[in-house]
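The values are calculated or read from the model by the stated rules, or taken from the named source; none is laboratory data. Predicted model, so just to flag it, every value in this text is computed and none were measured. Here the Cβ positions follow ideal geometry from the backbone for every residue, glycine too, while neighbour counts run over all protein chains shown.
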Amino acid sequence: MYKKEGRCYDLCPLNTFLDLSKKQCEQQCPLYFFADNNTKECLKCQKNCLLCVSKNSCIRCEFGFFYDQEKGECFSLSLQIDYCINDSKYLNLQNFQCIPCSKNCRKCNIFRCLECQGELGEFLIDNNTGTCVQCASLVANCAKCRTDFLCLICQESFIIDLNTGNCQEGCIQGKYMDKKRGKCEYCPLECIQCELLETNLICILCIEGYFSNENNKCKKCSDNCEKCSSQEKCERCLDLYFLLEERCIKECPKGFFGNNESRECLKCNPNCAECANINECQTCIQGFFLDINDKFCSLCNPECQECVLQASNCTICAFFMYLFQVDQNTVKCVDSCLPTQFADEKRRCIECPFSCNQCISSNKCTSCKQGFYFQNDNGQFIGICLKCNSRCRRCENQNTKECIACNDGEYSSGSSCQKCDSQCKNCIGKNPDQCTACTQGFYVRLIYQNAGFCEKCYDLCYMCISGGENACTKCIFGYFLFEGFCFKKCINGLIENTQTRQCECQQVLIQIYKQIYIYIYIYIQKQIYMHIYNIFYFTYIFIQQIFYYIYRIVQNVFFQIKINKFYVYNAKIRIFIKIIIIVLNNVLQIKLQILKIVYVCYNVKIISFFIPN
């Protein structure tokens, strides 16, 4: 059943047709459909047909398509254009037919040729006619032309004149003119440019890797050489090889580095022994060390022949100096090694073997340590020290009976060593009065010329030369030694050295000078008479007089004034000195120590009382 104007029909009425998409009877079919009188239906036109009267009769095609009457189909306009072009034709827009291009034309339009056939440059488009003309007809003897109508490639036996662009008789590179045959022949394979002189073919230019010899023949360069002027003179190397002194080598020697661009061995920085490039040293020449941060070689200290990491860290010292190991981390160059060391071939100070006192190598002693003797090899000196018998301090061989000296605490009795008295460190006999050295805290009180009893030192002495309090050579723990005395605390002005346990001089006299000068200056400011100021003008006069007076006080000698003219001056300075003495007494404890400091630390001499002229 079909609908029309609100009524249903089994078949559409006369002059109407069934529109299947709407299920309705229509008087006119829509676009892309045609009315079929037999079926009374709207049937679809052929592909790409917009309006048709039957399946095979299209009146109008879709946009971009045209109707080919011969084939009775709608074809794509763009495809037709491509089809025409590929067939060396162009499309006639009136009838959409492909029209052949002009002769020798590959692509064209209705007006002119767009691209000529043949190889590039063989034909050119004549701008006047729009047709393709052969190059040779435009430029004589030319096989291929450029777009500006100049010759690109000449015909056989002709070459381009670079000045005019025309073809003249001659041959291309790699060929030569055989005038008898009137044509170009190939040069030898190793020759780029050659010439026939009468019957002799000479090579003018060789290919890379060859050179022209004295007979104008191309000969191969040396191995790994890319370009050369002779067998011995290479100018450029092959890849992975480097040029040095006109030869090609695989690796550059020390002092040079390989430049991959120029393929040359270039010299390192003058201070580099080896380098990766001009700015990066790897090792340094003698006398320089490598800075690991900037890869630059810096100068070692003058005393170093070689050094590492820093200028002062010598590994080999300069000539006539020796490398001495100060501690595990420190070395220095010295003028000579210690007596117990020898210098090896690198001038390093090496400790002698344990048995050697002195040596010249690691296996040759020049003197033995105490308790060792030289080995006798059939009367030959071989420089080896062997250990004495345990009871001997010195010996000539291992036989106990031949001890030359005994160990500490023993003495030689005939052919054997006997123990000393318990208080003796060393002795000449077994008796207590035969000691030559005592144990700590005792000293030798001589009875004989070189021996005596061991007597106790002063309580504060650890070691001494006699029993007096000022005879100490070393103090007990907690005390400091100064001029034979032991002090709990060093005298003011002396420095306590905790290593040596001694009071040491440092700036002592200068401190006293300052104290004296300050007091004298204050005293001068209070004087009434100008001449007193003049007398006190020179500081060194004050110092001399003050120490002279102190010295006299210590000696308990009354100060006498013999010249009345300077009585006032002397009397006043005497008063002043008394004040200084009081001050110094408070600081230094005893008068005697003042003089000792002056004598010991500065070697000052006491002079006579100064009287101006």
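For beta carbons closer than 7 Å, sequence separation of 6+ or different chains, a first residue in the range 256-271 that is over 23 Å from Q305 (Cα atoms) and a second that is part of a loop (DSSP other than H, G, I, E, B) and aromatic (F, W, Y), the qualifying pairs are R263/Y241.
Where strands (runs of 3 or more DSSP E) fall entirely within the range 113-160, none has at least 2 residues that are of a type in the set (S, T, Y) and on the phi > 0 side of the Ramachandran plot. Among the residues of the range 418-457, the ones that are assigned to a strand (DSSP E or B) and either surrounded by fewer than 15 Cβ atoms within 10 Å (Cβ to Cβ) or not charged (D, E, K, R) (or both) come to 18 in all.
Output yes when any residue across the range 12-20 is of a type in the set (A, V, I, L, M), more than 30 Å from F96 (Cα to Cα), surrounded by fewer than 12 Cβ atoms within 10 Å (Cβ to Cβ) and more than 60 Å from the chain's Cα centre (by Cα), and no when none is. Checking the range 12-20: at least one residue is of a type in the set (A, V, I, L, M), more than 30 Å from F96 (Cα to Cα), surrounded by fewer than 12 Cβ atoms within 10 Å (Cβ to Cβ) and more than 60 Å from the chain's Cα centre (by Cα). The single condition among (1) touching a Leu at 6+ places or on another chain (Cβ under 9 Å); (2) in a loop (DSSP other than H, G, I, E, B); (3) at pLDDT 90 or above that E251 does not meet is (1).
Residue under question is G468, and the condition is that it be more than 20 Å from D421 (Cβ to Cβ), at pLDDT below 90 and surrounded by 15 or more Cβ atoms within 10 Å (Cβ to Cβ); does it hold? Against the criterion (more than 20 Å from D421 (Cβ to Cβ), at pLDDT below 90 and surrounded by 15 or more Cβ atoms within 10 Å (Cβ to Cβ)), G468 does not qualify. For N378, the conditions (1) crowded, with 17+ Cβ neighbours inside 10 Å; (2) at positive phi all hold with the exception of (1). Here the condition is being assigned to a strand (DSSP E or B) and of a type in the set (D, E, K, R); of K332, K346, it holds for K332 alone. Scanning the range 200-209 turns up no residue that is part of a strand (DSSP E or B), charged (D, E, K, R) and within 30 Å of E261 (Cβ to Cβ). Within the range 291-312, the set of residues being closer than 19 Å to C281 by Cα and part of a loop (DSSP other than H, G, I, E, B) comprises I292, N293, D294, K295, C300, V308, L309, Q310, A311. Any residue that is surrounded by 13 or more Cβ atoms within 10 Å (Cβ to Cβ), closer than 30 Å to N224 by Cα, over 20 Å from the mean Cα position of the chain (by Cα) and not small (G, A, S) - is there at least one of those in the range 265-280? Yes: one or more hits.
Name the single residue that is nearest to E246 (Cα to Cα) among those in the range 256-274 being outside any loop (DSSP other than H, G, I, E, B) and in contact with a Cys (Cβ under 6 Å, 6 or more places away or on another chain). Checking each candidate, the answer is C265.
When you scan the range 286-301, do you find a residue that is β-branched (V, I, T) and touching a strand residue (DSSP E or B) at 6+ places or on another chain (Cβ under 9 Å), even just one? The answer is no, given that none of the residues of the range 286-301 is β-branched (V, I, T) and touching a strand residue (DSSP E or B) at 6+ places or on another chain (Cβ under 9 Å). Of the candidates K474, K419, K430, the single residue that is modelled with pLDDT of 90 or more and of a type outside the set (V, I, T) is K474.
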